[in-house]
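Just so it is clear, none of the values below were taken in a lab; they were calculated from the coordinates. The structure presented is a predicted model; accordingly, all values stated were derived computationally and were not measured. Note that we place each Cβ from the backbone using ideal geometry, even for glycine, and neighbour counts take in every protein chain shown.
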Amino acid sequence: MAQVLVVDDDPLIGKTLLDLLSLHGFPARRAESGERGIEELSTGGFDLVLLDRRLPGMSGFETCSRIRELHGPHLPVIMMTAFGDPVAVRRGYEAGADDCLHKPIDTPALILKVRAFLRLKSTHDELA
């Protein structure tokens, strides 16, 4: 079963995302900072990361770049932001994000994106 890591410092948003993912059959864990997210990923077993842009300490951009350095291009990262600033969205893609969602999150779109990226990762893993 695919496991999702939610990296978001807001406890309410984090719990809401964990509950939503669980409701749709995606086990998930939460990290409250970029540094903690990197630590969680080092334990292995994650197939997708939902990453907030604004985090304490290491920003979401820095965290995404670090994920790419440590885990390569095959771990899907969806960046989430409450700011619709096109420059920030572009920075997310430049940092290595595969997609970007704006808060408040459109929950049907989130679940469809999670399914799509997990399907792609599964196909990649089968071919590797």
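For PHE46, the amide hydrogen comes within under 5 Å of no other amide hydrogen, counting only partners 5 or more places away or on other chains and with H modelled in the peptide plane.
Residues in region 103-109 carry Karplus couplings, in order, of 8, x, 6, 7, 4, x, 5 Hz; the curve used is 6.51 cos²θ - 1.76 cosθ + 1.60 with θ = phi - 60°, and Gly or Pro positions show x.
Each Lys or Arg adds one and each Asp or Glu subtracts one; over the other residues with Cβ under 13 Å from the Cβ of LEU12, this totals -3. Report the net charge of residues surrounding ILE38, where surrounding means a beta-carbon distance below 12 angstrom and charges are Lys +1, Arg +1, Asp -1, Glu -1. In short, -2.
Can you order the peptides 44-56, 103-115 by their average number of other Cβ atoms within 10 Å per residue, highest first?
44-56, 103-115
With Cα atoms as the point set, the radius of gyration and Dmax of the chain evaluate to 13.2, 38 Å. Below 14 angstrom from the Cβ of HIS124, what's the summed charge of the other residues (Lys, Arg +1; Asp, Glu -1)? Result for the local shell: -2.
Shape class of region 69-128 from the Cα gyration tensor (axes a ≥ b ≥ c, square roots of the eigenvalues): oblate, since a/c reaches 1.5 or more and a/b does not exceed b/c.
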